[in-house]
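Trainee: Please find one structure pasted underneath; my questions will follow.
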Amino acid sequence: MNNLKVNARVNARFKASAIESRSLSIPLKPLQLGSYRIDQPVLVAPMAGVTDRPYRQLCRRFGASYAVSEMAASNPALWKSVKTSQRLNHDGEAAPVAVQLAGADPRMMAQAARYNADRGAQVIDINMGCPAKKVCALAAGSALMGQEPLALRIVEAVIEALANRERAVPVTVKMRTGICAASRNVQKLALAMQSLGVSMIVVHGRTREQGFNGEAEYDSLQSVKAALQIPVIANGDIDSAEKAAAVLKRTGCDGVMVGRAALGRPWLFAQIAAELMGQPGFAEPGLESLRNAMQVHFDDHMRFYGEPSGVRSFRKHVSWYLPQWVRISARQLIQGLPAQDWAQEALQRFFRIESSARQWVFIEQCFACLIQGENKASDASSPRDCRLIAA
């Protein structure tokens, strides 16, 4: 299927679904990162194992204006690995191309910044927000917030490594509010980073200690924004257009970055963008539109990874997508099973499929079952269209 035609249909579906108009009380301005302008600051958060090139491009098609790669290792010994090579593949991506680096050695981080900029990175993001134990055990990620001098040496080294290039490569930092509730030092660090030349700060409203537990708090984000002149982006628990608007109104931040909340529903970026443009009420896409968008994502993913790697890695995406498809279908029973039980059974079957061709056939059968209900057709399934689960 022609990707351009599919993309046009997806975009038209979203444009047609605005049902009213109102304005944010604090309208957002475009972001400027070096020579790059981001007109609508709705950003995709870097997520290890998720934000590969096909997923970033999917989110851009669904309304995100900027997407950051999975964190890439700063250790030169890992640069030639298949995993790192894939993480640094930006073929066909819209500017600005942003690469996130993780590490705890200023010299290595500087080398990695130059290496990536030489290979097409247009923005370098420094990871000081990842709470994963295996990252923090190396004194990287959010562990750096507990080592302020080292954190600032890394920022300074990366900025110096990218100086005097023909086209400036902005440096950004993604961080948390601190190591723990008793040590919320994000404002202090952000001010120091601004003075070193950082172009943008993204703050996740949790501490390292919290991981992804509890709720994000936004008082720290408000304080950081009030203290800085560079753009500050809000991140953490932004799971709806209404929540995005509320967080921006409360914090005064310059944009939002969305991560886990968009898994399985990338159209969230379009809904947030519409809300911020004063066009709230964007309806969720219908199943036919989702099927078309899914085919583009699936094809991109398989071309990027090949088999068998692509077959294995796409399973997680379907595990996020399928419950959303079932919810949108509004069906209570599918093939005689409660809808969520049907979805779980379908996923178990999908996980056992070992070829991309059979995976796509199965996905189409899922859509056929659900679209029957959306069209108020009989729940009985035909042999060709809907035969996932044996009676």
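The values are calculated or read from the model by the stated rules, or taken from the named source; none is laboratory data. Treat the numbers as computed from the prediction; the structure is a model and nothing was measured. When we count neighbours, we look across all protein chains shown, and the Cβ atoms used for this are built from the backbone with ideal geometry, even at glycine. Accessible surface areas use protein heavy atoms only, side chains included; no ligands, DNA or RNA. Shrake-Rupley method; radii C 1.70, N 1.55, O 1.52, S 1.80 Å.
Trainee: Suppose we filter region 292-348 for residues that are open to solvent by less than 50 Å² (accessible area, probe 1.4 Å) and either more than 22 Å from ASN89 (Cβ to Cβ) or of a type in the set (A, V, I, L, M, F, W, C) (or both); how many remain?
Mentor: Result for region 292-348: 27.
Trainee: Taking the options SER329, SER356, SER313, name whichever one is at pLDDT below 95 and of a type in the set (S, T, N, Q). Write out each step before concluding.
Mentor: Numbers: SER356 fails: at pLDDT below 95; SER313 fails: at pLDDT below 95.
Criteria check complete, one pass: SER329.
Trainee: Restricting attention to region 60-84, report how many residues are closer than 22 Å to VAL42 by Cα and open to solvent by less than 40 Å² (accessible area, probe 1.4 Å).
Mentor: Final tally of qualifying residues: 10.
Trainee: Just give me the residues in region 8-45 being among the aromatic types (Phe, Trp, Tyr) and at pLDDT 90 or above, in sequence order.
Mentor: Correct list: TYR36 only.
Trainee: List pairs: first residue in region 219-234 and open to solvent by 50 Å² or more (accessible area, probe 1.4 Å), second residue assigned to a loop (DSSP other than H, G, I, E, B) and modelled with pLDDT under 95 anywhere in the structure, Cβ distance under 6 angstrom, at least six positions apart or on different chains.
Mentor: Within 6 Å, no pair qualifies.
Trainee: Please state which of the following conditions ASN375 fails to meet, knowing it meets all the rest: (1) at pLDDT below 95; (2) open to solvent by less than 70 Å² (accessible area, probe 1.4 Å); (3) not charged (D, E, K, R).
Mentor: It is condition (2) that ASN375 fails.
Trainee: Do we have any residue at all in region 85-93 that's open to solvent by 10 Å² or more (accessible area, probe 1.4 Å), more than 30 Å from MET277 (Cβ to Cβ) and basic (Lys, Arg)?
Mentor: Yes, some residue in region 85-93 is open to solvent by 10 Å² or more (accessible area, probe 1.4 Å), more than 30 Å from MET277 (Cβ to Cβ) and basic (Lys, Arg).
Trainee: Tell me the residue from LYS225, LYS243, LYS188, LYS249 that is out of contact with any helix residue (DSSP H, G or I) (no Cβ under 9 Å at 6 or more places or on another chain) and among the basic types (Lys, Arg), please.
Mentor: LYS249
Trainee: Given the conditions (1) of a type in the set (Gly, Ala, Ser); (2) in contact with a helix residue (DSSP H, G or I) (Cβ under 8 Å, 6 or more places away or on another chain); (3) closer than 23 Å to PRO30 by Cα, which single one is not true for GLY178?
Mentor: (3)
Trainee: Could I ask something else about it? Which one of LEU162, LEU191, LEU196 is under 24 Å from ALA121 (Cα atoms) and either among the aromatic types (Phe, Trp, Tyr) or open to solvent by 50 Å² or more (accessible area, probe 1.4 Å) (or both)?
Mentor: Going through LEU162, LEU191, LEU196 in turn, the sole match is LEU196.
Trainee: What's the number of the condition ARG265 fails, among (1) open to solvent by less than 10 Å² (accessible area, probe 1.4 Å); (2) closer than 28 Å to GLU354 by Cβ; (3) part of a loop (DSSP other than H, G, I, E, B)?
Mentor: (1)
Trainee: Check MET277 against each of (1) open to solvent by 30 Å² or more (accessible area, probe 1.4 Å); (2) among the aliphatic types (A, V, I, L, M); (3) within 18 Å of the chain's Cα centre (by Cα) and name the one condition it does not meet.
Mentor: (3)
Trainee: Another question, then. Being modelled with pLDDT of 95 or more and either of a type in the set (Asp, Glu) or not in a strand (DSSP E or B) (or both) narrows it down to one of ALA48, ALA77, ALA64, so name that one. Show your work before the answer.
Mentor: Working: ALA48 fails: modelled with pLDDT of 95 or more; ALA77 fails: modelled with pLDDT of 95 or more.
Sole residue among the options that is modelled with pLDDT of 95 or more and either of a type in the set (Asp, Glu) or not in a strand (DSSP E or B) (or both): ALA64.
Trainee: Could you give every pair whose Cβ atoms fall below 6 Å, whose first residue belongs to region 40-52 and is open to solvent by less than 10 Å² (accessible area, probe 1.4 Å), and whose second residue is among the aromatic types (Phe, Trp, Tyr), counting only separations of at least 6 or pairs across chains?
Mentor: Going by the 6 Å Cβ cut-off, the qualifying pairs are VAL42/PHE269; LEU43/TYR66.
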